[in-house]
Structure formats: C-alpha cells, structure tokens
Amino acid sequence: KNNPPWYKSSTTKALAMVGCYMLIGIAAFSFIFEKKTIQHSLYLGVVTFTTVGYGDVVPQTRGSKIFCCFFALLGIGIIGIALGYVGQHLVQLQLVALKKKAEERTDGLRQSLVPSDISTPKWKAILVFVSPFTIMITVGAVFVGHFEKWDVVDSIYWCIMTGTSVGYGDIHPTKPETMWFSIIFIPFAAIVVSNTLGQIANIFIEREIKKANTKLLKREVTLEDLEAMNADGNGEVSP
C-alpha cells in the first residue's frame, strides 16, 4: 500500500534515463557533430550504452570522438545507476521483511538498525572515485599516444573506449610496444571501470539504507515493542 506511483518507480526512472541518453545521441550524431541517420545514431547509442561496440558504425569526426568519450562514460554511468536502483529495490524488500519480523519480535533488530557512520568527506569520496580513472586515462593516453603517434584526442578516445569495453575497433594498437602495453592495460582498465560502477551503485544503496534506518529508528516504541523485547519475561529488556 506504500508503493510509490508508477512515475516515481525505479523502472520508470531507469527507462527515462535511457530515453534521454538516446535523445542526446541522436542530437549529437545526427545534427551537431555528424549527419548520421536517426537509425544509425540510435544504433550507435545502443552499441555504446551496452558496450557491444561492433565497429560497423563509429564516430568519424574529431568533435564526435571527443563527445563520444563523455557519451561512453555517461552510458556506463547509467548502468551503474541502474544497478543502484536494483540494489535499492533489494534493500526495500529486505526492509519489508525486517518490518514484518519486528512486528512479531523486535529483539535482535536494535543492533542491526543502528546506523553506522560510513560516510566520508565529500572531497575525499570524489578523490577516491576520480583518481584511479584519471590515472588510467593519463598513463594509457601518454604511453600509447607516444608510440602510435596519435594526437591527444585519439589517445584519450582509445583509452576510454577500451576502459569502457566499447572497443569500436576504429583505433587499435598496431606497434609491438603498444600491444604489450595493452595486455596489461586492458585488464587494469576493466578493473578500474568495474570499481567505478560499484562505487556508483554503492552510493544509491548506502543512501537508501540510511534513509530507511533513520525512518525505522524514529518510529515510536510501543508497549508491544517493549513486551517483545522482554524475551525472558523478567520485566527487563533482554540483551
């Protein structure tokens, strides 16, 4: 009975984000940076968003390559947020089960519901979040760009397309040095991006847990709650 209206549901929010993402792709690839057809822009958006990256439709201009660096990151960000919504939904289901259990017996819930101070200063959280990704892009772009003689745009473009596992195939290592480097760089980049997705999802999950715990802890203790806490019947709250 406490379910939110459909337009506030996690599914609606996720679909709305995907819709906005595709519209941004259409605007960029069909009107601003290139003149691709709507179909090709949608197709490019989908293979980027899902990190499939077949390589048959790719950015062609410098402007679209620069845009695609942010577009790909936005795509994996949406995946991370979607994972956060899934986690949020699972947390809500768990809280429903806890509430039902609390109505029968609140003993054992007090310790689990005490909110722990797991928050960190904003600047530190941002630094931890951004630093590994920035280091990955910087090291990869400098090394590969130097040996492949790519410019800054192509070097960063390759790093981000590799790190996000999109890999269109339009730019790839051709020298022995960069191929050896890629053997180490690609797994490292995948780990960094996976950690980034986990951080994004964790933000939503932690926020939902804190909100739910605060709401439960503010609930007034009733006589039934006290009686349930008196598990051994000695008139005192059981430890």
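The values are calculated or read from the model by the stated rules, or taken from the named source; none is laboratory data. Computed from a predicted structure; not experimentally measured. A quick note on method: Cβ atoms are made from the backbone with ideal geometry, for glycine too, and the neighbour counts reach across all protein chains shown. Note: accessible area is taken over every heavy atom of the protein model, side chains too, but ligands, DNA and RNA are not part of it. Shrake-Rupley method; radii C 1.70, N 1.55, O 1.52, S 1.80 Å.
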For this session: Hey, could you check the range 58-86 for residues that are surrounded by 19 or more Cβ atoms within 10 Å (Cβ to Cβ) and outside any helix (DSSP H, G or I) and say which is modelled with the highest pLDDT?
Result: Pro59
Problem set entry | helices (runs of 4 or more DSSP H) wholly inside the range 109-204 containing at least 2 residues that are modelled with pLDDT of 75 or more | 122-148, 152-163
Seminar exercise, completed: Selection from the range 12-52 of residues free of Cβ contacts under 8 Å to residues at least 40 places away in the same chain, in contact with a helix residue (DSSP H, G or I) (Cβ under 8 Å, 6 or more places away or on another chain), assigned to a helix (DSSP H, G or I) and open to solvent by 60 Å² or more (accessible area, probe 1.4 Å) yields Ile32, Ile38, His40, Leu42, Val46
Problem set entry | Residues that are of a type in the set (A, V, I, L, M, F, W, C) and either over 19 Å from Ile191 (Cβ atoms) or open to solvent by less than 10 Å² (accessible area, probe 1.4 Å) (or both), drawn from the range 141-155 | Val142, Val144, Phe147, Trp150, Val152, Val153
